[in-house]
Each structure stands twice: as structure tokens, then as C-alpha cells.
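Bear in mind these aren't lab numbers, they're just calculated from the coordinates by the rules spelled out. Note that the coordinates shown come from a computational prediction; the quantities given were computed from them, not determined experimentally. When we count neighbours, we look across all protein chains shown, and the Cβ atoms used for this are built from the backbone with ideal geometry, even at glycine.
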Amino acid sequence: MGALIRLDTYVDVVIPRGGKGLLARIRDEATVPVIMHLDGNCHVYVDRDADAQKALQIVVNAKTQRLGTCNTAESLLLHRERVDDLLLPLAQALQEKGVEIRACPEALAHIPGAVAASEEDYATEYLAAIISLKIVDDLDAAIAHINRYGSQHTDSIVTENYSSARRFLREVDSSSVMVNASTRFADGFEYGLGAEIGISTNRLHVRGPVGLEGLTLQKWIVLGDGHIRR
């Protein structure tokens, strides 16, 4: 592999699939272009205007449908005004699926069996039955948290507020940003790209799920007969 990722003459691009050690080595040693991501620290933010049933379904699916993928939710953010009606139902639904909850001090006091979250937890891709949970004051705080701790992979808001949804889509800097949908939908096949070759959190050449079209170059052909631009 060490030789392959230095074959500039023969290799146009490398798209690594594998563990963090492999990805880190390729990032550090490759001399050919690389399309890659490292972490999938994905968030679900349950907004003040979230539908309770949608929130429960999305959070549980995003975290538990498959634990070991880069589009699995690793962090749950909950608007402070929904603590009374949604904190315990969300926590219990996750715990029933065997998920350990690492919670902020405010949430910790309300969730039996939860453990205290550390600063590191908020930035961790667990790839396991663990989720970090934090109560946030508002949409601004949720966006700030995601942009600070997230990995720019996939983040979702659960809300019935059109304006909040639009702000979330615009201001969260991730390759996939969703409204009222599980983060597990961030997938090349689900996006209609055919078989997924890789996924990228970069901005060039492609961002998000990588399919064949994303690796296809365009060649512009201009035919003139003495034409000039005036």
C-alpha cells in the first residue's frame, strides 16, 4: 500500500476504505490525490418545534439501525424547552436498545443509568452503543455545538419550523445536512448514485457520498471559426 499511494505516474486518485489507522497513514504518506474522511461524528438536534413521534423514531433509527457506520448518530442535542416531555422518552428508547448515554450535567440528573459526559465525548465517533447527549438553549447553540465538535459528515434537525430548518441547512457545515430524517440516509445508494465508492468530508473534488459520476471528469469542447469575444 505504501508504494501504491506514491505512484503518481500511474494512479490518479486513491479512495481509502477502512479503519482510522489506515486512513491516517494514507493522509500522511500519499503523494497522489486522496478523497477521504476520517470521522463520522454525526448529530441529531431535536428542536423546540419538533414533533415528538418523529423525534423518537429518527433518534432511535439514527443511533441503533447500525452501530458501526460513519453515518450513525453519535451525539444527541435537545432544546431546553423539550426537556420535560422528550428527555426521558428519548433516553429510555435508546437505553432499551442497549445504548449507554453520556450526558451533560443537566440531563444527567434526569436520566437513571446515564453517565457524565466529558469534553472528549462530544467530539468522539464511538462506532458502538454509546451516545453523547447535551441540552442546548436554542438553535444557535445547537449549530455552534455541531460546527465545533462535529466532523462535517452528516447532521440532522427534527423540527416543524420551516425557518429553523432553513437556518440549520444553511449554517451547519457538513457534507450532508438533513431535516426530519435519520442520518443513516447519508449513503450513495440512498442518494441515487449507484454503488458507493467512498465518502468525503472534503470540499474538493467531491463532498458527501462518492459514486461513479463524482469521479467522472468533464471535457469541454469549443468549436470556432474565427469567433472572438467582444
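Under the criterion of Cα pairs below 8 Å and six or more residues apart, the relative contact order for the chain equals 21 percent. A simple charge model with +1 on the Cβ of Lys and Arg, -1 on the Cβ of Asp and Glu and nothing else charged puts the dipole of the chain at about 720 debye relative to its Cα centre. Helix 162-171 versus the longest principal axis of the chain: what is the Cα-based angle in degrees, 0 to 90, to the nearest 10? On a 0 to 90 degree scale, this one is about 50.
Distance from the Cα centroid of region 37-91 to that of region 133-163 is 10 Å (rounded to whole angstrom).
Ranking His110, Asn161, Ala73 by how far each Cα lies toward the positive end of the dipole of region 42-184 (charges on Cβ) leaves Ala73 at the top. Note on Asp84 and Glu190: the model spin-label points, each 7 Å out from Cα along the C-beta direction, lie 3.4 nm apart. Stretching Gln53 away from Leu204 to a fully extended chain increases their span by 50.6 nm, per 0.36 nm per residue minus the current alpha-carbon distance. Relative to the longest principal axis of the Cα atoms of the chain, the long axis of helix 139-149 lies at roughly 60 degrees.
The C-alpha atoms of the chain define a longest principal axis, and helix 52-64 lies at about 60 degrees to it. Across all Cα pairs in region 1-149, the calculated P(r) in 10 Å bins from zero up to the longest distance comes to 11, 36, 26, 14, 10, 3, 0 percent per bin. The length gained on full extension between Leu67 and Asn147, counted as 0.36 nm times the residue separation minus their Cα-Cα distance, comes to 26.5 nm. Placing a pseudo-label 7 Å from each Cα along the Cα-to-Cβ vector at Asp140 and Glu119 gives an inter-label distance of 2.3 nm. Pairwise inverse Cα distances across region 36-79, averaged and inverted, put the Kirkwood hydrodynamic radius at 11.1 Å. Structure remark: mean-square fluctuation, Gaussian network model of the chain, C-alpha springs under 10 Å; the largest value among Asn61, Asn41, Asn161 belongs to Asn161. Residues of region 185-199 with the amide nitrogen closer than 19 Å to a label point 7 Å from the Cα of Leu212, along Cα-to-Cβ, please. Flagged as within label range: 187-199. For region 95-111, 3J(HN,Hα) computed residue by residue from phi via the Karplus equation (6.51, -1.76, 1.60; θ = phi - 60°) reads 5, 5, 8, x, 8, 7, 9, 10, 10, 5, x, 5, 6, 4, 5, 9, 10 Hz, glycine and proline entered as x. Expressed per residue, the C-alpha convex hull volume of region 119-196 stands at 113 Å³. Loop-resident chymotrypsin sites (Phe, Trp or Tyr not before Pro) (DSSP state other than H, G, I, E or B) in region 134-230 with no more than 16 further Cβ atoms inside 10 Å of their Cβ: Phe189, Tyr191, Trp220. Cα centroid separation, region 199-220 to region 14-35: 16 Å.
Applying a DSSP loop filter and a limit of 11 other Cβ atoms within 10 Å to the trypsin sites (Lys or Arg not before Pro) in region 1-36 leaves Arg17.
Under the combined filter of DSSP loop state and at most 10 neighbouring Cβ atoms within 10 Å, region 19-120 retains these GluC sites (Glu not before Pro): Glu119, Glu120. Less than 5 angstrom separates the built amide H of Gly198 from those of Val210, all sequence-distant by 5 or more or on a different chain. Rounded to the nearest 20 debye, the dipole size of region 1-114 about its Cα centre is 360 debye, using +1 on the Cβ of Lys and Arg and -1 on the Cβ of Asp and Glu.
When shorter helices are ignored and each DSSP H run of at least 4 residues is given -39500 (n - 2.57), the per-residue value for the chain at 222 nm works out to -7000 deg cm²/dmol.
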